[in-house]
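*Asks:* This structure is in structure tokens; I'll ask about it shortly.
A short reminder: the numbers here are calculations on the coordinates, not readings from a lab. Bear in mind the structure is a predicted one, so any value in this text is a computation, not a measurement. Backbone-built Cβ (ideal geometry, glycine too); neighbour counts: all protein chains shown.
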Amino acid sequence: MIDHPLPLGGLLSTDSDPTLPLAFAALPCDQSSSIRRGSAEGPGRIRLAYDGRVYNSTTETGIDLSGAVSDLGSWEPETTWEATRRTYAGEAAGVLGQGQALFAAGGDHGVTIPLGAATEVLGEQIHIVQLDAHPDLYPEYRGDRWSHACVATRLLEMEHISTVTQIGVRTLNHAQAEVARRFPGRLAIVEARDVGGGSILESGDLPDILRPGAKVWLTVDLDVFDPAFAPGVAHPVPGGLNPRQVIELIQESGWSLVGMDVVECLPARDEGDRTAVLAGRLLHEAMGTVAG
Ligand SMILES: [Mn+2]
């Protein structure tokens, strides 16, 4: 009997392989977390919890991704966030520039800032779809403009980012609503209470520009889910989405994913690896839309 786990559903190649259309990187960095650290442990836990001995390599939609994903390993953080940010942006631009779709596991949500910056290498307008309990729209947070509470603000300041659409938000306050007004026509906020328990695509709340074929970077902050489904996050907020709603969005949107990150998995607060397994599952289904 083999007792070694098969990381990430058995989807990973044995080495990094630039000829594969899909690539996966772990970003174990929590240098932008505000209160509770520990999401640096997230990617390692996601790799192991979504164990290929327990889960097979075929998506719900019937696409077998066994060994189909280039394993880029772990991008270790540098000693300062500024250096980490530069490293992450450079590494990600290299991957995207050679035509691979990049799938990343964080780390805290701050890692999405350099990943979003890296999409500039594609030379086209990119749409960000952000699934999150929080709008992350502070201009700065506790004196830190790179905080995970400022992710959307930093992304909206990038000229190659055409739009940011947030789904599942339930913590919009006055300070962040003020910032939202700085980006008319480029920021859409679909709150959890707008979607309810139904289909996100059929809610009619998404901007028209997010039609099938739109070039999208998908960023999933795991706190978008109700804490019943994803307890292992730093800032759990009741009243969130359920996994079916998000898997359906991934499968049915028809977006052309240039990449995706799943962030804010905090193993120390998880229960039975529920959150880590969900993270692995989302990455797997999204990879299927690129490969399929
Ligand atoms: Mn976030």
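*Asks:* Relative to the Cα centre, what is the charge dipole magnitude of region 7-291, using +1 at the beta carbon of each Lys and Arg, -1 at the beta carbon of each Asp and Glu, and rounding to the nearest 20 debye?
*Replies:* For this selection, approximately 340 debye.
*Asks:* Something else about it: Could you calculate the contour length gain from Glu248 to Thr14, that is, 0.36 nm times the residue separation minus the distance between their Cα atoms, to one decimal place in nm?
*Replies:* 81.2 nm
*Asks:* Continuing with the same structure: Any idea what the alpha-carbon Rg over 2.2 N^0.38 Å comes to for region 7-291?
*Replies:* Compared with the compact-globule rule of thumb, region 7-291 sits at 0.90.
*Asks:* Okay, moving on. Using +1 on the beta carbon of Lys and Arg, -1 on that of Asp and Glu, and nothing else charged, what's the dipole of region 60-202 about the Cα centre, debye to 20?
*Replies:* It comes to approximately 480 debye.
*Asks:* Fewest Cβ neighbours within 10 Å first, please rank Leu201, Leu282 accordingly.
*Replies:* Listed from fewest to most nearby Cβ atoms, that is Leu201, Leu282.
*Asks:* Separation of region 24-44 and region 201-246 by C-alpha centroid, Å?
*Replies:* Cα centroid to Cα centroid, the span is 20 Å.
*Asks:* May I pose another question? Okay, helix-only estimate at 222 nm for the chain: each DSSP H run of n ≥ 4 adds -39500 (n - 2.57), divide by all residues, round to 500 deg cm²/dmol; what do you get?
*Replies:* -7500 deg cm²/dmol
*Asks:* Starting with the fewest neighbours, write out Leu96, Leu102 ranked by other beta-carbon atoms found within 10 Å of each beta-carbon.
*Replies:* Leu96, Leu102
*Asks:* Could you order peptides 234-244, 73-83, 250-260 by the average number of other Cβ atoms within 10 Å of their residues, highest first?
*Replies:* Answer by packing, highest mean first, reads 250-260, 234-244, 73-83.
*Asks:* Related question: Counting alpha carbon pairs within less than 8 Å and at least 6 residues apart, what relative contact order, in whole percent, applies to region 39-127?
*Replies:* Rounded, it is 34 percent for region 39-127.
*Asks:* Give me Thr275, Thr171, Thr19 ranked fewest to most by other Cβ atoms within 10 Å of their Cβ, as a rough exposure proxy.
*Replies:* Thr19, Thr171, Thr275
*Asks:* Could I ask something else about it? Please state the relative contact order of the chain as a whole percent: Cα pairs under 8 Å, 6+ residues apart?
*Replies:* Relative contact order comes out at 22 percent.
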